[in-house]
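Asker: Please see the structure below; I have some questions.
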Amino acid sequence: EAFAGVILAGALVLGGDRAEAAALLDGFLPLLRHADPLTEAGELVTLAAQCYFWLERHDVACELLDRLTTSARRGSAPAALLLPLCCRAELDLRTGRWAIAAAHFEEAISLGEEIAQSVFAAYAPECLARLAAAAGDEPRCRDHAAEAMRLIDQHRNELGRLYVHSALGLLELGLGHMEPAIRQLELARTLAEEHCFAEPNVVHWQADLVEAYVRAGDPAAARAALA
């Protein structure tokens, strides 16, 4: 029941139904807190933690992820560490702890290369691309985005494309290149619409698209995107 419920909660969050997702997650939270992090339940707890930070419940997400990463390190279990480490790094990125986030993502890239866990391999470069874009580091952003896209194309991870287009859109916006920014961010919007990703806090591209339209002198498009 917990497996089905948490996966359903993830789908509900992506679809924009915050209230029902939160109620489902909170109902399973006592069980998630006591699940063995070194079993396959660890991935379920990681998904729940992702949902919590999408819902801006950062304290609960931090609690769950820190337990997972600590247990994996103590148990010398790199395969169990990779995904929660990436999620913890994204949480650090979202809460302004950029240096710590970068260090965790770099560790995750090394882990992914060592254990060849390709399913999650694109997550770290996707997020590093956004971090580099936010910091104005164009070469690193483009390098990380290209590596992420290579892995995404290899493993057909559609949500990953949304991260990359968002990062490249933010980069172009920061560089003052409005047409390429709009192109990347409209690709993000198309992907989100195709896959019914309605929750704006999963991948941050919507506000950047509104700003890009404004700066490109298209207030009508900006108003429509804002609405």
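The values are calculated or read from the model by the stated rules, or taken from the named source; none is laboratory data. All values derive from a computational prediction rather than experimental measurement. Here Cβ is always computed from backbone atoms with ideal geometry, including for glycine, and neighbour counts include all displayed protein chains. Note: areas computed on protein heavy atoms with side chains; ligands, DNA, RNA excluded. Shrake-Rupley method; radii C 1.70, N 1.55, O 1.52, S 1.80 Å.
Asker: Leaving ligands, DNA and RNA out of it, work out the accessible area of residue 71 with a 1.4 Å probe and give it in Å² to the nearest 10.
Answerer: 30 Å²
Asker: Run a plain Debye calculation on region 188-227 (Cα atoms as equal point scatterers, no solvent) and give log10 I(q)/I(0) at q = 0.21, 0.24, 0.33 Å⁻¹, rounded to two decimals, same order as the q list.
Answerer: So the normalised log intensities are -0.64, -0.79, -1.09.
Asker: Further question: Counting other Cβ atoms within 10 Å of each Cβ, which chymotrypsin sites (Phe, Trp or Tyr not before Pro) in region 127-210 have at most 15 and sit in a DSSP loop?
Answerer: Passing both the DSSP loop test and the Cβ count: no residue.
Asker: What's the extension gain from residue 113 to residue 63 if we count 0.36 nm per residue and subtract their Cα-Cα distance?
Answerer: 15.3 nm
Asker: Dipole size in debye (nearest 20) for the chain around its Cα centre, Lys and Arg Cβ +1, Asp and Glu Cβ -1?
Answerer: Once rounded to the nearest 20, the dipole reads 220 debye.
Asker: How large is Rg/Rh for the chain, to two decimals, with Cα atoms and a Kirkwood Rh?
Answerer: Checking Rg against Rh, the ratio lands at 0.98.
Asker: Something else now. Between residue 138 and residue 158, how high is the FRET efficiency from 1/(1 + (r/R0)^6) when r is the Cβ-Cβ distance and R₀ = 25 Å? Nearest 0.05.
Answerer: 0.45
Asker: Where does each of 31, 131 land when they are ordered by accessible area, with a 1.4 Å probe and the largest first?
Answerer: Accessible-area ranking of 31, 131, largest first: 31, 131.
Asker: What part of the accessible area of the chain, given as a whole %, is carbon or sulfur when the probe is 1.4 angstrom?
Answerer: The nonpolar share, carbon plus sulfur, comes to 56 percent.
Asker: Work out, step by step, the length gained on full extension between residue 226 and residue 196: first 0.36 nm times the residue separation, then minus their alpha carbon distance; give nm to one decimal.
Answerer: 9.0 nm
Asker: Something else: Compute from the Cα atoms of region 1-95 the Rg and the Dmax, the latter being the longest Cα-Cα distance, and quote both in angstrom.
Answerer: 12.3, 38
Asker: A follow-up question, please. Rank 169, 112, 27 by mean-square fluctuation in a GNM of the chain with C-alpha springs under 10 angstrom and give only the top-ranked residue.
Answerer: Looking only at 169, 112, 27, the biggest GNM fluctuation is shown by 27.
Asker: Continuing with this model, one more query. Heavy-atom accessible area per residue, the chain, 1.4 Å probe: how many Å²?
Answerer: Per residue, the chain has 47 Å² of solvent-accessible surface.
Asker: Follow-up. Could you tell me the relative contact order of the chain? Use alpha-carbon pairs under 8 Å, at least six residues apart, and round to a whole percent.
Answerer: Relative contact order, the chain: 14 percent.
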